[in-house]
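Worksheet for the structure shown next.
The values are calculated or read from the model by the stated rules, or taken from the named source; none is laboratory data. Just so it is clear, the model here is predicted, and its values are computed rather than measured. Here Cβ is always computed from backbone atoms with ideal geometry, including for glycine, and neighbour counts include all displayed protein chains.
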Amino acid sequence: MMQNYKNTSILPYKTLFNFHLIGVIMFISLLSFTGFGQRKNDKSSIKTVCIDAGHGGKDPGCHGSSANEKTVCLQIALQLGTKIKEVYPSINVIYTRDTDVFVELDDRAKIANRNNADLFICIHANSASPAAYGTETFVLGLHRAESQQKIADRENSTIYLEDDKGAKYKDFDMSPDAIIARQLQLSIFLDHSINFASKLQTEFKQIGRFNRGVKQAGFLVLYKTTMPSVLIETGFLTNPSDEVFLKNPETQNKMAYAMFEAFQKYKAELEGVDVLKNDKKQIQINTTKNTEENKEPQSEILVPSNPIKKTTIIFKVQLETSDKKVSLNSQKYAGIKVEEEKEGTTFKYVSGNFEEDFTAANTLKNEMRKKGFSNAFVYATENGIRIPLEQGISKTKKK
């Protein structure tokens, strides 16, 4: 059904890809030297979050025996937005829809781009055979399995419900070359997307959801956004157990809170701070004491003591995370120098130690992905404390 746009282009693939590659070096240079996309030089790394509840209005999405996708997505999206605003009142939370209305795919991305969102969270529910269950999170990329392509095709098929029946997408290039070029152009954003997606899946597992992993596919709505973006498939409405879970207000709240916990940890990591253990209790205590309007609670973060005065920027590559300790002598790390870091109950496995050399770290990241660590990403530290990657790149360029 998606053949109308999936493999078409105004230019031949090789010509188009060459044009993309010409622009890639200029674009990445712009990111490195000017900090484009940073939009944040003060304490808070995230000013605006765009939450996208999938489908809506005349487009119900997929359905189970009694629940449909558009309703489930909206309820979870609104709860997530409410939690963010309650704890971080200064963050601007915008929705692509906050009622049961139809919004075109193109417009969803435009809403996020127009509002200079720092993070785009797209919430969906899935369908397949009754045996399929669990939660998975997607970032933009090439699908590696037919099932991933089917999910992208189903979500993309919303365009045929638009007024022009998808005509404006007929020359839209979603060929492998175009997606690869787009990934290169937005490489820093993609690294952040993978990072956030990994945190989401970790939190979903914590509440008992089956972890289907972080995956890649060619979603139109992710292709069009210009910030870290993820698409969450919260579960399968075609699976009886998943449907019961997703339509229950209490478990919807659990899903929203898991997303919020991942958001908190992602935000803290960008800002180079540590999240205290027992976040929920700490936030509750702080919000009770904090009576100043529009002041963000501070007790959920741990400010490092005795900071080192000399500034040293180090770039490293995070290979993966695990809720269980993994031996550094594991066969999968054979030939790789790996270190273990711990954040709360999560173990992080990292490699490399590049002082003020982002290029070398990025090369290592690409090598690690080829070795099977598909979620590997580069991060920066300043005097041992994680800082936003863009900030680390910018500081090394100024020296």
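At a glance:
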{"read-out": "Qualifying residue in the range 359-376 (condition: assigned by TED's automatic domain parsing to the domain that holds TYR333 and in a strand (DSSP E or B))", "value": "no"}
{"read-out": "Residues satisfying the stated conditions in the range 42-85, i.e. hydrophobic (A, V, I, L, M, F, W, C) and part of a loop (DSSP other than H, G, I, E, B)", "value": "ILE46, CYS62, ALA67"}
{"read-out": "Which listed residue is at pLDDT 95 or above and within 24 Å of SER394 (Cβ to Cβ), from ILE51, ILE91", "value": "ILE91"}
{"read-out": "Residue list for the range 60-96, filter: of a type in the set (D, E, K, R) and surrounded by fewer than 19 Cβ atoms within 10 Å (Cβ to Cβ)", "value": "LYS85, GLU86"}
{"read-out": "Every pair of residues 6+ apart whose Cβ atoms lie under 8 Å, when the first sits in the range 249-275 and is within 13 Å of GLN79 (Cα to Cα) while the second is polar (S, T, N, Q) and crowded, with 22+ Cβ neighbours inside 10 Å", "value": "MET255/THR234"}
{"read-out": "Test: residue in the range 212-225 that is surrounded by fewer than 19 Cβ atoms within 10 Å (Cβ to Cβ), modelled with pLDDT of 90 or more, in a loop (DSSP other than H, G, I, E, B) and assigned by TED's automatic domain parsing to the domain that holds HIS55", "value": "no"}
{"read-out": "Extreme residue, nearest to the chain's Cα centre (by Cα), among residues of the range 83-106 that are of a type in the set (Phe, Trp, Tyr) and within 22 Å of LEU222 (Cα to Cα)", "value": "TYR95"}
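Conditions (1) crowded, with 20+ Cβ neighbours inside 10 Å; (2) touching a Gly at 6+ places or on another chain (Cβ under 8 Å); (3) among the hydrophobic types (A, V, I, L, M, F, W, C), marked per residue:
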| residue | (1), (2), (3) |
| --- | --- |
| ILE336 | no, no, yes |
| GLU340 | no, no, no |
| GLU343 | no, no, no |
| ALA376 | yes, no, yes |
